[in-house]
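Have a look at the structure below, then the notes.
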Amino acid sequence: MKIGILTSGGDSPGMNAAIRAATRCSLYEGIQVYGIKRGFEGLIDGELIDFNVSSVGDILHRGGTILETARSNTFMQVEGRAKAAMILKSFGIDALVVIGGDGSMRGALALSNEHGIPVMCLPGTIDNDLGYTDYTIGFETAVNTVVDCVSKIRDTSSSHERTTIIEVMGRNCGDIALYSGLACGAESILVPTDELDVPAVCKKVIMGKNRGKKHNIIMKAEGVKMDSYELAKQIAQTTGVEAKVVILSYLQRGGSPTASDRILASRTAAKAIDLIKSGCKESKAIGVRGGEIVDYNLEEALSMVKQPKKDYLDLAEVLS
Ligand code: ATP
């Protein structure tokens, strides 16, 4: 038996842990492994490397992905996917492991539907925007990175008695803002699923100032419709308190994965290889629910809608 492993879309901390686990579990079971460079683009270009146990040595703790990642326009076309399928066939690859976000999983589904190749998908994205899994690989590391940054920002924010809007990643999902906002006691948390209430944000700034607070942290998800600089302008105009914007951007994608992300990556990868070894011909999305590793039909998984975490938001509101 032979498998290919690739990482696709935005990188996330823990992708290397997933590559390592998928490779070593496969080799342990006598399955040959090809590491595929640069995602679907590299697959189309035939960038396959025969992996052994040492190929994935010393990477567990490293951020990014040793296989590198890419966004591929060619793979979006039927012809591109046909070329990818041809490459897989010519190498005798029976199944593919794809580590990436929802776009990568949609690509995997198209490949699987059109060419009958089973694809096991692991949720590799910091965004935590997949409905079928409680957590994605890299999310917890990204949240910890944001919390770390906020501690530093808070120092200078207090010294200057200003409000800081911290814009974090997550595309249309507000989980990075929500979890990090809750973890660092942000005064306001703004997520895309909630209507933006600028007067309420201003009221908090004024109330904070009146009770002697030296800083005010507003955690804002990038998916919230209003531009962060426009929000800062409106806050300053309404409250008279200086408002600064910090956009954390790609900083959030880097760094060594947390223990939880390494373990999630290892467990989901082991499940993928388990399914392949047992002869599963269906494409699957693997994730975690209530601490248990789960697998769903890939198409079904992609149709699951992420539920907003109202209880987390309510708690943040009480605590602020
Ligand atoms: P992240 O959430 O971190 O951005 P992602 O996996 O969602 O990761 P995308 O850029 O959306 O990242 O997708 C990665 C690649 O998957 C795309 O560049 C493209 O090659 C492929 N892909 C995405 N959507 C489709 C689709 N509907 N059909 C075929 N291929 C797709």
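The values are calculated or read from the model by the stated rules, or taken from the named source; none is laboratory data. Quantities reported herein were computed from a predicted structural model and do not represent experimental measurements. Note that each Cβ is placed from the backbone with ideal geometry, even for glycine, and that neighbours are counted across all protein chains shown. These area figures cover heavy atoms from the full protein model, side chains too; ligands, DNA and RNA do not enter into them. Shrake-Rupley method; radii C 1.70, N 1.55, O 1.52, S 1.80 Å.
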Expected sort for 101-112, 218-229 on mean C-beta neighbours within 10 Å, highest first, is 101-112, 218-229
How large is ³J(HN,Hα) for each residue in the range 181-195, as worked out from phi by the Karplus curve 6.51 cos²θ - 1.76 cosθ + 1.60 (θ = phi - 60°), to whole Hz, x for Gly and Pro? x, 5, 6, 10, x, 4, 6, 9, 10, 10, 10, x, 7, 10, 4
Dipole check, the chain, charges on Cβ (K,R +1; D,E -1), about Cα centroid: among THR141, GLN234, ILE19 the Cα furthest to the positive pole belongs to GLN234
In whole Hz, what ³J(HN,Hα) sequence does the range 145-157 give by Karplus (6.51, -1.76, 1.60; θ = phi - 60°), x for Gly and Pro? 5, 4, 4, 4, 5, 5, 4, 6, 5, 4, 4, 6, 4
Amide H within-cut-off set for LYS284, under 5 Å, with H built and near neighbours excluded: VAL119, MET120, CYS121, LEU298
If I build a Gaussian network model for the chain, linking alpha-carbon pairs within less than 10 angstrom, which residue out of ASP50, ASP261, ASP94 has the largest mean-square fluctuation? ASP50
Per-residue ³J(HN,Hα) for the range 42-51, Karplus 6.51 cos²θ - 1.76 cosθ + 1.60, θ = phi - 60°, Hz, x for Gly and Pro: x, 5, 4, 7, x, 8, 10, 10, 6, 9
Straight distance only, please: which aspartates and glutamates reach the Cα of LYS2 with their own Cα at less than 14 Å, same-chain residues fewer than 8 apart left out? GLU29, ASP50, ASP94, ASP274
Solvent exposure ordering (accessible area, 1.4 Å, most first) of TYR135, TYR250, TYR312: TYR250, TYR135, TYR312
Taking amide H positions as placed 1.01 Å from N in the peptide plane, with prolines and chain starts having none, which residues 5 or more places from ILE247, or on another chain, fall under 5 Å of its amide H? GLU167
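So if I place +1 on the C-beta of Lys and Arg and -1 on the C-beta of Asp and Glu, and nothing else carries charge, what would the dipole magnitude of the chain be about its Cα centre? I want it in debye, nearest 20.
On the way: 36 positive and 39 negative charges, 106 e Å.
Taking the Cα centre of the chain as origin, the dipole is about 500 debye.
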Computed Rg/Rh for the chain (Cα atoms; Rh = Kirkwood radius) stands at 1.05
Residue with peak Gaussian network fluctuation, the chain [Cα springs, cutoff 10 Å], from ALA269, ALA259, ALA177: ALA259
Roughly speaking, what is the centre-to-centre gap between the range 111-168 and the range 188-225 when only Cα atoms are used, to the nearest Å? 20 Å
Write down the Å³ per residue value for the convex hull defined by the alpha carbon atoms of the range 14-69. 66 Å³
Exposure of ASP45 as accessible area (Å², to 10), given a probe of 1.4 Å and all protein chains: 90 Å²
Check: the range 139-253 dipole with +1 on Lys, Arg Cβ and -1 on Asp, Glu Cβ, in debye: 400 debye
Considering only protein heavy atoms and a 1.4 Å probe, what is the carbon-and-sulfur percentage of the accessible area of the chain? 51 percent
Roughly how many Å² of ILE293 are accessible to a 1.4 Å probe, to the nearest 10? 40 Å²
List the extent of the Cα atoms of the range 127-244 along each of their three principal axes, largest first, rounded to whole Å. 43, 27, 21
Can you pull out the GluC sites (Glu not before Pro) in the range 116-181 whose DSSP state is coil and whose Cβ has at most 16 other Cβ atoms within 10 Å? GLU161
Nearest 10, in degrees from 0 to 90: the angle of helix 228-239 to the longest Cα principal axis of the chain is 20 degrees
